[in-house]
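J.: Got a structure for you, questions after.
Computed from the coordinates by the stated procedures, all read-outs in this text should not be read as laboratory data. Fair warning: this is a prediction, and the values are worked out from it, not measured in the lab. Using ideal geometry, Cβ is built from the backbone for each residue, glycine included, and neighbour counts are taken over all protein chains shown.
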Amino acid sequence: MSDRQEPVKRHGGDAVIYKGYTIQAAPHELIETGEWALNLFIMWPTETGEESRHFHTSDRYATKEQAMAHCIAFGQQIIDGKILGLVVGSDPHRPIPSILQSYKFKGH
């Protein structure tokens, strides 16, 4: 599969296809601070349709654009297996957590 990102529109927001997975950036604004929280979904096709996983961190960003960029980068790191304990795909022997409670993402 290619490492190239293909931009797509999905679920009312921006997404990219990366190595056959769709990374849906879904940052949300925190009312109390005005900061943006990292929040994303990773989806992939299965024999019976589509499967997805939800991920978020405690990281905060000043703008929605910054949060969106970090969502995509974090999703790519998950897909590449660079985030210990977080995996996606259909391997039945690997645990797949649905939510990451607190992880300090160090973006590029």
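J.: Out of region 40-62, which residues are surrounded by 12 or more Cβ atoms within 10 Å (Cβ to Cβ) and over 16 Å from Phe74 (Cβ atoms)?
T.: Passing the criteria: Trp44, Pro45, Glu51.
J.: Specify the residue that is surrounded by the fewest Cβ atoms within 10 Å (Cβ to Cβ); the eligible residues are those in region 63-80 that are closer than 14 Å to Ile17 by Cα and among the polar types (S, T, N, Q).
T.: Among those residues, the one meeting the criterion is Gln77.
J.: Then there is this: Every residue in region 45-92 that is hydrophobic (A, V, I, L, M, F, W, C) and in contact with a helix residue (DSSP H, G or I) (Cβ under 9 Å, 6 or more places away or on another chain), please.
T.: Passing the criteria: Phe55, Ile83, Leu86, Val87, Val88.
J.: Can you pull out every residue in region 58-87 that is part of a strand (DSSP E or B) and acidic (Asp, Glu)?
T.: Listed by number, the list holds a single entry, Asp59.
J.: Could you grab me the full set of residues in region 60-92 that are under 13 Å from the mean Cα position of the chain (by Cα) and among the acidic types (Asp, Glu)?
T.: Asp80
J.: For region 30-39, enumerate the residues that are more than 9 Å from the chain's Cα centre (by Cα), surrounded by 12 or more Cβ atoms within 10 Å (Cβ to Cβ) and not hydrophobic (A, V, I, L, M, F, W, C). If you could, list the steps in order and put the result at the bottom.
T.: Of the residues in region 30-39, the ones more than 9 Å from the chain's Cα centre (by Cα) are 30-37.
Now restrict to residues that are surrounded by 12 or more Cβ atoms within 10 Å (Cβ to Cβ): 35-37.
Selection gives Glu35 alone.
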